[in-house]
Amino acid sequence: DIEDGLANTISIGEIAGSGQWAINQPERILRSPKNAWEVFREPKPGAGFKSDVDLASIRRGALLADGAAAHSLFQTILPPGAPSCSTGREANDGLFSASSMHTGGVNLAMLDGSVHFIGQNIDVNDLGVKPPVIVPGEKQPKSPYGVWGLLGSARGNEAHPNSIP
(Lines give C-alpha, C1' and ligand atoms only; values in the text may rest on other atoms or scores of the structure.)
Protein backbone atom coordinates (compact mmCIF):
# COMPACT_ATOMS: atom_id res chain seq x y z
CA ASP A 1 0.00 0.00 0.00
CA ILE A 2 3.04 2.32 -0.03
CA GLU A 3 2.28 4.01 -3.35
CA ASP A 4 5.25 6.41 -3.08
CA GLY A 5 7.74 3.60 -2.77
CA LEU A 6 9.75 2.62 0.26
CA ALA A 7 12.52 5.15 -0.47
CA ASN A 8 10.09 8.10 -0.34
CA THR A 9 8.33 7.39 2.95
CA ILE A 10 9.66 8.03 6.48
CA SER A 11 9.83 5.06 8.80
CA ILE A 12 11.44 6.59 11.91
CA GLY A 13 13.30 9.73 12.87
CA GLU A 14 14.77 11.70 15.73
CA ILE A 15 12.96 13.49 18.56
CA ALA A 16 16.04 14.50 20.55
CA GLY A 17 17.53 17.96 20.86
CA SER A 18 16.24 19.98 23.80
CA GLY A 19 13.42 17.48 24.22
CA GLN A 20 11.17 20.28 25.43
CA TRP A 21 7.61 21.01 24.40
CA ALA A 22 5.18 23.77 25.25
CA ILE A 23 2.10 22.72 27.23
CA ASN A 24 -1.33 24.27 27.77
CA GLN A 25 -1.31 25.95 24.37
CA PRO A 26 -4.52 27.26 22.76
CA GLU A 27 -6.57 25.09 20.38
CA ARG A 28 -5.69 27.46 17.50
CA ILE A 29 -2.36 25.63 17.07
CA LEU A 30 -4.38 22.67 15.79
CA ARG A 31 -6.42 24.78 13.35
CA SER A 32 -3.39 26.51 11.83
CA PRO A 33 0.13 25.15 12.45
CA LYS A 34 1.75 28.56 11.92
CA ASN A 35 0.32 29.55 15.34
CA ALA A 36 2.75 27.16 17.03
CA TRP A 37 5.61 29.58 16.25
CA GLU A 38 4.15 31.96 18.87
CA VAL A 39 5.92 29.99 21.63
CA PHE A 40 9.41 30.48 20.11
CA ARG A 41 11.59 33.57 20.54
CA GLU A 42 11.78 33.85 16.75
CA PRO A 43 9.70 32.05 14.09
CA LYS A 44 12.55 29.81 12.93
CA PRO A 45 13.72 26.29 13.77
CA GLY A 46 15.97 26.07 16.82
CA ALA A 47 15.15 29.56 18.13
CA GLY A 48 14.12 28.27 21.55
CA PHE A 49 11.05 28.86 23.67
CA LYS A 50 10.05 32.25 25.07
CA SER A 51 10.71 32.58 28.81
CA ASP A 52 7.00 32.82 29.71
CA VAL A 53 5.98 29.57 27.97
CA ASP A 54 5.01 26.62 30.18
CA LEU A 55 7.12 23.58 29.34
CA ALA A 56 6.45 19.92 30.11
CA SER A 57 8.34 18.49 33.08
CA ILE A 58 9.31 15.35 31.12
CA ARG A 59 11.47 15.54 28.00
CA ARG A 60 10.30 14.09 24.70
CA GLY A 61 11.45 10.51 24.26
CA ALA A 62 11.89 9.96 28.02
CA LEU A 63 8.77 7.78 28.10
CA LEU A 64 9.12 6.39 24.59
CA ALA A 65 7.24 3.16 25.33
CA ASP A 66 4.31 5.17 26.72
CA GLY A 67 3.01 5.73 23.19
CA ALA A 68 1.64 9.22 23.83
CA ALA A 69 2.33 11.55 20.91
CA ALA A 70 4.46 14.00 22.88
CA HIS A 71 6.71 11.19 24.08
CA SER A 72 7.09 9.00 21.03
CA LEU A 73 6.33 10.56 17.65
CA PHE A 74 6.66 13.53 15.36
CA GLN A 75 4.45 14.81 12.59
CA THR A 76 5.62 16.05 9.21
CA ILE A 77 3.86 19.40 9.50
CA LEU A 78 6.28 21.88 11.09
CA PRO A 79 9.90 21.54 9.88
CA PRO A 80 12.62 19.77 11.88
CA GLY A 81 13.66 21.84 14.90
CA ALA A 82 10.33 23.70 15.06
CA PRO A 83 8.43 23.98 18.35
CA SER A 84 6.45 21.08 19.75
CA CYS A 85 3.25 22.09 21.52
CA SER A 86 0.33 20.41 23.23
CA THR A 87 -3.08 21.82 24.04
CA GLY A 88 -3.04 20.39 27.54
CA ARG A 89 -0.41 18.76 29.69
CA GLU A 90 1.44 15.72 28.44
CA ALA A 91 -0.96 13.32 26.70
CA ASN A 92 -3.03 15.85 24.78
CA ASP A 93 -3.45 16.82 21.16
CA GLY A 94 -0.72 18.94 19.69
CA LEU A 95 1.93 19.52 17.07
CA PHE A 96 5.12 17.55 17.59
CA SER A 97 8.23 18.21 15.52
CA ALA A 98 11.25 16.12 14.66
CA SER A 99 14.35 17.39 16.45
CA SER A 100 17.93 16.34 17.02
CA MET A 101 21.28 17.21 18.52
CA HIS A 102 22.52 17.98 15.00
CA THR A 103 22.66 21.54 13.78
CA GLY A 104 20.20 22.32 11.01
CA GLY A 105 18.15 19.14 10.66
CA VAL A 106 17.42 15.55 11.58
CA ASN A 107 18.36 12.04 10.52
CA LEU A 108 15.51 9.90 9.21
CA ALA A 109 15.27 6.26 8.21
CA MET A 110 13.10 5.58 5.22
CA LEU A 111 11.02 2.43 4.74
CA ASP A 112 13.68 1.04 2.38
CA GLY A 113 16.23 1.20 5.24
CA SER A 114 18.21 4.14 3.87
CA VAL A 115 19.10 7.00 6.23
CA HIS A 116 19.01 10.66 5.20
CA PHE A 117 19.75 13.98 6.85
CA ILE A 118 16.83 16.33 6.23
CA GLY A 119 17.47 20.04 6.78
CA GLN A 120 15.25 22.40 8.74
CA ASN A 121 14.68 24.44 5.58
CA ILE A 122 12.77 21.65 3.83
CA ASP A 123 9.64 22.85 2.03
CA VAL A 124 6.58 22.87 4.33
CA ASN A 125 4.39 24.97 2.01
CA ASP A 126 1.94 27.36 3.70
CA LEU A 127 1.60 26.52 7.40
CA GLY A 128 -1.50 28.73 7.54
CA VAL A 129 -3.62 26.17 5.71
CA LYS A 130 -6.21 24.19 7.65
CA PRO A 131 -5.19 20.55 8.22
CA PRO A 132 -6.99 18.12 5.90
CA VAL A 133 -9.90 16.07 7.20
CA ILE A 134 -9.25 12.33 7.21
CA VAL A 135 -12.42 10.34 6.52
CA PRO A 136 -12.24 6.65 7.48
CA GLY A 137 -12.62 4.40 4.46
CA GLU A 138 -11.81 7.13 1.94
CA LYS A 139 -8.49 7.76 0.22
CA GLN A 140 -6.37 10.11 2.30
CA PRO A 141 -5.96 13.61 0.89
CA LYS A 142 -2.50 14.72 -0.21
CA SER A 143 -0.61 16.53 2.54
CA PRO A 144 -0.70 20.34 2.22
CA TYR A 145 2.63 20.65 4.11
CA GLY A 146 5.03 20.61 1.18
CA VAL A 147 7.71 17.99 0.59
CA TRP A 148 8.07 17.49 4.37
CA GLY A 149 4.40 16.59 4.71
CA LEU A 150 4.55 14.29 1.72
CA LEU A 151 7.53 12.35 3.12
CA GLY A 152 5.34 11.48 6.08
CA SER A 153 2.64 10.02 3.86
CA ALA A 154 2.47 6.75 2.00
CA ARG A 155 0.63 8.23 -1.00
CA GLY A 156 2.06 11.70 -1.64
CA ASN A 157 4.12 11.03 -4.79
CA GLU A 158 6.96 13.15 -3.44
CA ALA A 159 10.57 13.37 -4.52
CA HIS A 160 13.29 11.09 -3.14
CA PRO A 161 15.20 12.67 -0.19
CA ASN A 162 18.41 12.80 -2.26
CA SER A 163 16.74 15.37 -4.52
CA ILE A 164 15.68 17.62 -1.61
CA PRO A 165 17.76 20.79 -1.13
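The values are calculated or read from the model by the stated rules, or taken from the named source; none is laboratory data. These figures come from a predicted structure and were not determined experimentally. Cβ atoms come from the backbone with ideal geometry, glycine included; neighbour counts cover every protein chain shown. Areas reflect the complete protein model, heavy atoms only, side chains present, ligands, DNA and RNA absent. Shrake-Rupley method; radii C 1.70, N 1.55, O 1.52, S 1.80 Å.
Rounded to the nearest 20 debye, the dipole size of the range 1-98 about its Cα centre is 400 debye, using +1 on the Cβ of Lys and Arg and -1 on the Cβ of Asp and Glu. Computed over the chain, relative contact order equals 30 percent, with contacts defined as Cα pairs under 8 Å that lie 6+ residues apart.
Each Lys and Arg contributes +1 and each Asp and Glu -1, all at the Cβ; summed about the Cα centre of the chain, the dipole is approximately 340 debye.
Using the Kirkwood radius built from alpha carbon pairs, what does the Stokes-Einstein equation give as D for the range 26-93 at 4 °C and 1.567 mPa s, in µm² per second?
Values: Rh = 12.6 Å.
My calculation gives 103 µm²/s for D.
Over the range 13-165, the ratio between the Cα radius of gyration and 2.2 N^0.38 Å evaluates to 1.00.
Considering only DSSP beta bridges with both partners in the chain, what is the antiparallel share in %, to the nearest 5?
Beta bridges within the chain, antiparallel portion: roughly 85 percent.
The lysines within cross-link reach of LYS34, meaning a Cα-to-Cα straight distance under 23 Å and a gap of 8 or more places when in the same chain, are LYS44, LYS50, LYS130, LYS142.
When the solvent-accessible surface of protein heavy atoms is calculated with a 1.4 angstrom probe, in what order do ILE134, ILE15 fall, highest first?
Ranked from most to least accessible, the order is ILE134, ILE15.
Each other residue within a Cβ distance under 11 Å of GLN20 adds +1 if Lys or Arg and -1 if Asp or Glu, for a net charge of +1. The alpha-carbon atoms of the range 46-131 define a convex hull whose volume equals 133 cubic angstrom per residue.
The helix-based estimate of mean residue ellipticity at 222 nm for the chain, built from -39,500 (n - 2.57) per DSSP H run of four or more residues and divided by its residue count, is -1500 deg cm²/dmol to the nearest 500.
Extension gain for ALA68-ASN92 works out to 7.8 nm (0.36 nm per residue, less the C-alpha to C-alpha distance).
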